Amino acid sequence: MTSKAGSSCLDRDALIASGLRQDLAVIRQAALEAVDPYAAVLDHLSRDGSQVAIGGQHWDLDQSSVVLLAVGKAAVPMAAAAAHVLRDRLAEGVVVTKYGHAAQADLPASVGVIEAGHPIPDQAGLQAARTCIERLHSLTSGDRLLVLLSGGASALLPAPVPGLSLDDLQATTDLLLRAGATIVELNAVRKHLSELKGGQLARLAHPAPVASLILSDVVGDTLDVIASGPTAPDPTTFGEALSVLRRYTVLDRVPQGVVVHLQAGLAGEVAETPKPETVLFGNVTNVVVGSNYLAAEAAVTEAERLGYHRLLLTTFVEGEAREVAKVAVALAKGVRAHGNPIPAPACLVWGGETTVTVRGRGRGGRNQELALAAALGLAGMEGVALMALATDGTDGPTDAAGAIVDGTTVNRVRKQGWDPRATLRDNNSYPLLDAAGDLLRLGPTGTNVNDLLVLLIA
């Protein structure tokens, strides 16, 4: 009798979990569609004869045409939308995107596509950067430069300053990522080791007018941080870049040339990146066309349609992934015990970008680590599921976009011989979640607006 009752309870739990996972799939699709990069460009770029409107700027192309530069994980669909609008007024272009993100690119023959490394820059990205710099040097006041930026552009377009090599950038980036540096901190360093970042792309393009349409992948949509701000004024300094290296105790481990260059900049021997008061930015327009907030708002709207009480908590989440997971578990328990902050059935959504301080030798990404940490806290809870999603489809150096976990995840993997806590300590979330069948494998989504966390409580 007890056996039958226990079996019935397990079946019911499985049915509830399955229903929550189906709802999460629907919510995920709505969120991604809301930040479709092709549509986002069409919403902010239009043409009427020889007149082109880009955000608040208007270009008369009667005697000129447009040069296109698109960089990032969403570069291909963004460039395709721009080409659709500009048609014969598009003179030429370069598209630089992450490996695997250029499939089925439908672009004019005059637009070249280059795939390169992310998050660690590689030789293909270096060559792409050199190609872009050469083209920027040739621009005149009669040209028009349209820049399309999305997440990943910092790594995809490395352009080390004279005296530094690609290896120097790779080593510095890797050390800071492993140390848990935020994207703001990482980009403060990158901008001062590059010929293109921190407003320097706009400086190279001057006197040609520049317009940038930007798909934001950073918390707060700060222009100088997105893609390391190649067309935005840079408020950071050489001194701040050095401070980041000291803060994460990597100053004595980064290549010596990096330290020498930053110290030369601090001493005034190397020109600073362009600051907000620089005259050239009077000829530059930057427009954010998509963001984490738009995706999060679409997620809660869809959840409400599915019958859940909805709450968008924030799109400013930062911090260690496993610590953010503890907050998610606490919220789930609050809804279950007290109907707070909203009653069940509940959908809580928040977005941002967590970090992972790598201490183990395992494999995973920040969303997978968050999901595993949350699964430990949710173990045994009925009717709760959490999705941790990298909106670009790639979480860390893996083929997963993140994971969906529930109250049964830990029990399922323990039956297979896994020790979830030891696995978490080793930063080895990927194989465990794979064994659980909880990984999300979406492939490149074509967009990139940070991460989304969606918590459902039945």
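Taking the residues in segment 383-408 that are hydroxyl-bearing (Ser, Thr, Tyr) and under 20 Å from LEU452 (Cα atoms) as candidates, determine which candidate is surrounded by the fewest Cβ atoms within 10 Å (Cβ to Cβ). By that ranking, first place goes to THR398.
For (1) of a type in the set (Asp, Glu); (2) modelled with pLDDT of 95 or more; (3) over 25 Å from ASN367 (Cα atoms), each residue gets a yes or a no:
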position: VAL244; (1), (2), (3): no, yes, no
position: ASP252; (1), (2), (3): yes, yes, yes
position: ALA264; (1), (2), (3): no, yes, yes
position: GLU297; (1), (2), (3): yes, yes, no
position: GLY319; (1), (2), (3): no, no, no
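Counting residues that are farther than 21 Å from HIS261 by Cβ, which helices (runs of 4 or more DSSP H) fully inside segment 176-250 reach at least 1?
Working: elements: 183-191, 200-205, 238-247.
In segment 176-250, 183-191, 200-205 are the helices (runs of 4 or more DSSP H) which contain 1 or more residues that are farther than 21 Å from HIS261 by Cβ.
What are the residues in segment 93-121 that are under 12 Å from ALA79 (Cα atoms) and of a type in the set (A, V, I, L, M), if any? Within segment 93-121, VAL94, VAL95, VAL96, ALA102, ALA105, LEU107, VAL111, VAL113 meet the criteria. Could you go through segment 142-162 and let me know if any residue there is within 24 Å of THR398 (Cα to Cα) and of a type in the set (S, T, N, Q). Yes - at least one qualifying residue is present in segment 142-162.
Scanning segment 297-321 for residues that are surrounded by 22 or more Cβ atoms within 10 Å (Cβ to Cβ) and either assigned by TED's automatic domain parsing to the domain that holds GLY151 or in contact with an Asp or Glu (Cβ under 6 Å, 6 or more places away or on another chain) (or both) yields one hit, ALA321. Considering segment 341-359 alone, what residues qualify as being over 20 Å from GLU297 (Cα atoms), part of a loop (DSSP other than H, G, I, E, B) and not basic (Lys, Arg)? Hits for segment 341-359 are VAL356, THR357, VAL358.
The set of residues in segment 348-364 being small (Gly, Ala, Ser) and either touching a strand residue (DSSP E or B) at 6+ places or on another chain (Cβ under 7 Å) or not assigned by TED's automatic domain parsing to the domain that holds VAL413 (or both) consists of GLY351, GLY352. Kindly indicate whether ASP221 is touching a Gly at 6+ places or on another chain (Cβ under 7 Å), farther than 22 Å from ALA264 by Cβ and charged (D, E, K, R). Here the answer is no, as ASP221 does not meet what is asked.
Would you confirm whether or not segment 267-289 contains a residue that is under 24 Å from ALA179 (Cα atoms) and of a type in the set (A, V, I, L, M, F, W, C)? Taking every residue of segment 267-289 in turn, none turns out to be under 24 Å from ALA179 (Cα atoms) and of a type in the set (A, V, I, L, M, F, W, C).
The values are calculated or read from the model by the stated rules, or taken from the named source; none is laboratory data. What you see is a predicted model; the values in this text were computed from it and never measured. Note that each Cβ is placed from the backbone with ideal geometry, even for glycine, and that neighbours are counted across all protein chains shown.
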